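Here is the structure we will look at.
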Amino acid sequence: QETETELNIHAIRQTKEGLQVDLFQNGILTTLQAPLYGEHHAINIALAYAAALALGVSAENATIALRSTPQITHRLE
């Protein structure tokens, strides 16, 4: 069964711990965190989250998995 979802990035914050991305999905605000540096990764994080949900991963598990995304070695370290 296919379902449509609307996903919009609301805010992006770079912190010393990594990237935080606030997104609205069907009107619900979710904050994703990943230990990545570079605001350009916000779209990648949002798309990875959306893909995980489309594949049946729960929102909670997708959010937890993103927190352990490895930083690419020697990039913005």
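Just the protein heavy atoms count here, and of the accessible area of the chain at 1.4 Å, carbon and sulfur take up 54 percent.
Under a 5 Å amide H cut-off, with hydrogens placed 1.01 Å from N, Val57 pairs with nothing among residues at least 5 apart or on other chains. With K and R counted +1 and D and E -1, the other residues having a Cβ less than 11 Å from that of Thr30 yield a net charge of -2.
Computed extension length for Gln25-Asn44: 5.3 nm, one decimal, from 0.36 nm per residue of separation with the Cα-Cα distance subtracted. Summarising the overall dimensions of the chain from its C-alpha atoms, the Rg and Dmax are 12.5, 43 angstrom.
A cut-off of 5 Å between modelled amide H atoms, ignoring neighbours fewer than 5 places along the same chain, links Leu36 with Leu19. Mean separation of Cα pairs under 8 Å and 6 or more residues apart, divided by the residue count, gives the chain a relative contact order of 25 percent.
The values are calculated or read from the model by the stated rules, or taken from the named source; none is laboratory data. This structure is a prediction, so every number in the text was calculated from the model and none was measured. Virtual Cβ from ideal backbone geometry, glycine too; neighbours counted across all protein chains shown. These accessible areas exclude ligands, DNA and RNA; they are computed on the full protein's heavy atoms, side chains included. Shrake-Rupley method; radii C 1.70, N 1.55, O 1.52, S 1.80 Å.
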